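Engineer: Here it is: the structure, laid out below.
The values are calculated or read from the model by the stated rules, or taken from the named source; none is laboratory data. Since the model is a prediction, treat every value here as computed from it, not as a measurement. Note that we place each Cβ from the backbone using ideal geometry, even for glycine, and neighbour counts take in every protein chain shown. Note: areas computed on protein heavy atoms with side chains; ligands, DNA, RNA excluded. Shrake-Rupley method; radii C 1.70, N 1.55, O 1.52, S 1.80 Å.
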Amino acid sequence: MSYELFIRSSSQEVDFALLKDGRLVELHKEDDDNKFSVGDVFIAKVRKTVPGLNACFVNVGYEKDAFLHYHDLGPKVLSLLKFVKGVSTGKIRDFSLKEFPLEKEIDKNGGINDALKSNQSILVQIVKEPISTKGPRISSELSIAGRYIVLVPFSDRVSISQKIESKEEKDRLKRLIQSIKPKGFGVIIRTVAEGKKVAELDRDLQNLKDRWEAMCKKLRGAHHPSKVLGELDRGASILRDVFNDSFSAIHIDDETLYLQIKDYVQEIAPKKENIVKMYDSKVPIFEKFGIERQIKTSFGKTVSGAKGAYLVIEHTEALHVIDVNSGNRSNKSKTQEDTALEVNIIAATEVARQLRLRDMGGIIVVDFIDMGKAENRRKLYNHLRDEMKDDKAKHKILPPSKFGLIQITRQRVRPEVNIKTREENPDIAGDGGEIEAPIHVLQKINEDVTRLFNKDYKKITLNTHPFIAAFLTKGFPSVRTKWFMEHKKWVKIQPRDAYTYLEYHFHDKDGNEIK
């Protein structure tokens, strides 16, 4: 199993594509104007409490107020409120929490009015980004995530990831953390800490303490609402959460970003520094490595799988429904039951990939092909669980029902990735529906080629959709050959998977776009 990360940068946004054994499994986009990322900490004010919901609405600067439920306050919220007030007024100047006296924990069955009141200042952390018409979901139980550990202020607990199975390793890590843990802070030990030495854990801990102190310094005189601690940029946070020894390459097309990522990898895994590579070519990075083509074929209502099997993915307000179809595959299995099992196993692998790729959340119902044997249903269930082990989002999978349905719940903290794969029909004016493959732009390209050669351009390159490129270059004499016979000049044609069918651009010999 091998992972590769590809990072494409433009002036407004950065795209991250994570490939597992050459297949696209995650796609993320970081916009410059995204001010509410998961993990960001804000100093904000309570707008109003709603006892009927046992929650309150908090103004964090978004157009819709953020939602804070009583159960998301955390047991130490009174200590947090006292600390924030002391730091904001200048009475507390030591941010280490060594001498800070903790308040009593709140009652887990209490009411929102027992803990908070309107117009009160509070530190909150984004746990779910604004999605659709809803504002952010927030928590006042703060945590600062590092590479190996998570720092939890106003706590004293040491917790260990359940994915670390060895009892000896758990005991070792717990002893190490207890010996270096600062007073007033709890620690959650992450899965990647397994086998790490105390020096690496201590360095991670010191970085997190520095971030905590830097955040506290911003509190005094801070405008309400304002961000006081930002999550790492998307590239660093992806590497922090998924980076491991199976990473074979990180390709980046922007020099500034390349240096930042290289420094970060050097910090968290010095031996892997050489896998960070600067991509420098006129061909876009996602085009060069076939990622654009995977994006085009992986999104949309119908998704093709191996051996002819395919999925139909439907979205409703309440849930996502995925239907599994065997398609026109050649049947080499002996029985219908064996065929159903084979198709279902293929489909389960693709379902696990699609959930990560689209970041689908909430309730997902998968309609697998019916199987009569309980043993085969168990094989399918276990295979789906294994395929979803790498999924960092919290999820729960129920065993198949008698109807062949598997129900999945998956946490979603960011808006779902949705890429449009269909385009307007150019043959029909107005609302003419959508189609997959129009080729109706050739006349305009012809006119532009003539215009550019008449302007005495010696050498031009045409970037266009692969369908258009194929039409222009295939056959004899091809359209391009006819251009050469007419103008005595050659046009280089480069297919671009990212383009729509009607999109094309001309470039001169230096790679500059010709308007």
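Engineer: Which of (1) over 23 Å from L19 (Cα atoms); (2) part of a loop (DSSP other than H, G, I, E, B) is the odd one out, the single condition D390 does not satisfy?
Structural biologist: (1)
Engineer: I need the full set of residues from region 375-405 which are aliphatic (A, V, I, L, M) and either touching a residue at least 12 places away in the same chain (Cβ under 8 Å) or within 15 Å of I346 (Cα to Cα) (or both), in order please. Steps first, please.
Structural biologist: Pass one, region 375-405, residues aliphatic (A, V, I, L, M): 380, 384, 388, 393, 397-398, 405.
Correct list: L380, L384, M388, A393, I397, L405.
Engineer: So, R385, is that one over 25 Å from E231 (Cβ atoms), modelled with pLDDT of 90 or more, crowded, with 16+ Cβ neighbours inside 10 Å and among the basic types (K, R) or not? Reasoning before the result, please.
Structural biologist: On the way: over 25 Å from E231 (Cβ atoms): yes; modelled with pLDDT of 90 or more: yes; crowded, with 16+ Cβ neighbours inside 10 Å: no; among the basic types (K, R): yes.
Judged against the criteria, R385 is not a match.
One line per residue, one yes/no per condition, for (1) modelled with pLDDT of 90 or more; (2) within 25 Å of I144 (Cα to Cα); (3) in contact with a His (Cβ under 7 Å, 6 or more places away or on another chain):
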{"position": "F6", "(1), (2), (3)": "yes, no, yes"}
{"position": "S10", "(1), (2), (3)": "no, no, no"}
{"position": "V14", "(1), (2), (3)": "no, yes, no"}
{"position": "K29", "(1), (2), (3)": "no, yes, no"}
{"position": "F42", "(1), (2), (3)": "yes, yes, no"}
{"position": "C56", "(1), (2), (3)": "yes, yes, no"}
{"position": "F100", "(1), (2), (3)": "no, yes, no"}
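Engineer: In region 263-358, which helices (runs of 4 or more DSSP H) lie fully inside it and hold 3 or more residues that are in contact with a Gly (Cβ under 8 Å, 6 or more places away or on another chain) and surrounded by 15 or more Cβ atoms within 10 Å (Cβ to Cβ)? Full working, then the answer.
Structural biologist: On the way: elements: 285-288, 291-298, 336-358.
The qualifying helices (runs of 4 or more DSSP H) are 336-358.
Engineer: Could you run through region 84-111 and say how many residues are open to solvent by 100 Å² or more (accessible area, probe 1.4 Å) and either at positive phi or in contact (Cβ under 8 Å) with a residue 24 or more places away in the chain (or both)? Can you show your working first?
Structural biologist: Going through region 84-111, the residues open to solvent by 100 Å² or more (accessible area, probe 1.4 Å) turn out to be 85, 91, 93, 98-99, 104-105, 108-109.
Still in the running and either at positive phi or in contact (Cβ under 8 Å) with a residue 24 or more places away in the chain (or both): 85, 98, 104-105, 108.
Count: 5.
Engineer: Can you tell me which residue is modelled with the lowest pLDDT among those in region 366-380 that are open to solvent by 30 Å² or more (accessible area, probe 1.4 Å) and in contact with a strand residue (DSSP E or B) (Cβ under 7 Å, 6 or more places away or on another chain)?
Structural biologist: Taking region 366-380 as the starting set, the residues that turn out to be open to solvent by 30 Å² or more (accessible area, probe 1.4 Å) are 367, 369-370, 372-375, 377-379.
Going one step further and asking which of them are in contact with a strand residue (DSSP E or B) (Cβ under 7 Å, 6 or more places away or on another chain), we end up with 367, 369.
Details: D367: 93, I369: 90.
For region 366-380, the residue satisfying everything is I369.
Engineer: Does region 65-72 contain any residue that is touching a His at 6+ places or on another chain (Cβ under 9 Å) and not polar (S, T, N, Q)? Let's see the steps before the verdict.
Structural biologist: Step one: of region 65-72, the residues touching a His at 6+ places or on another chain (Cβ under 9 Å) are none.
Within region 65-72 (the criterion being touching a His at 6+ places or on another chain (Cβ under 9 Å) and not polar (S, T, N, Q)), the answer is no, since none of the residues qualifies.
Engineer: Looking only at residues that are without any contact (Cβ under 8 Å) to a residue 40 or more places away in the chain and under 16 Å from P284 (Cβ atoms) in region 451-491, which one is surrounded by the fewest Cβ atoms within 10 Å (Cβ to Cβ)? Working first, answer last.
Structural biologist: Here is the first cut: in region 451-491, the residues without any contact (Cβ under 8 Å) to a residue 40 or more places away in the chain are 451, 453-456, 465-490.
Next cut, under 16 Å from P284 (Cβ atoms) only: 465-466, 469.
Working: H465: 23, P466: 16, A469: 19.
It comes out as P466.
Engineer: Something else about it: Which residues, taken from region 243-297, are hydrophobic (A, V, I, L, M, F, W, C), farther than 18 Å from N463 by Cβ and in contact with a His (Cβ under 9 Å, 6 or more places away or on another chain)?
Structural biologist: Going through region 243-297, the residues hydrophobic (A, V, I, L, M, F, W, C) turn out to be 243, 247, 249-250, 252, 257, 259, 261, 265, 268-269, 275-276, 278, 283, 285-286, 289, 291, 295.
Retained after the next criterion (residues that are farther than 18 Å from N463 by Cβ): 243, 247, 249-250, 252, 257, 259, 261, 265, 268-269, 275-276, 278.
Scanning region 243-297 gives V276, M278.
Engineer: Could you list, in sequence order, all residues of region 440-494 that are over 14 Å from F506 (Cα atoms), more than 36 Å from the chain's Cα centre (by Cα) and of a type in the set (F, W, Y)?
Structural biologist: F471, F476, W483, F484
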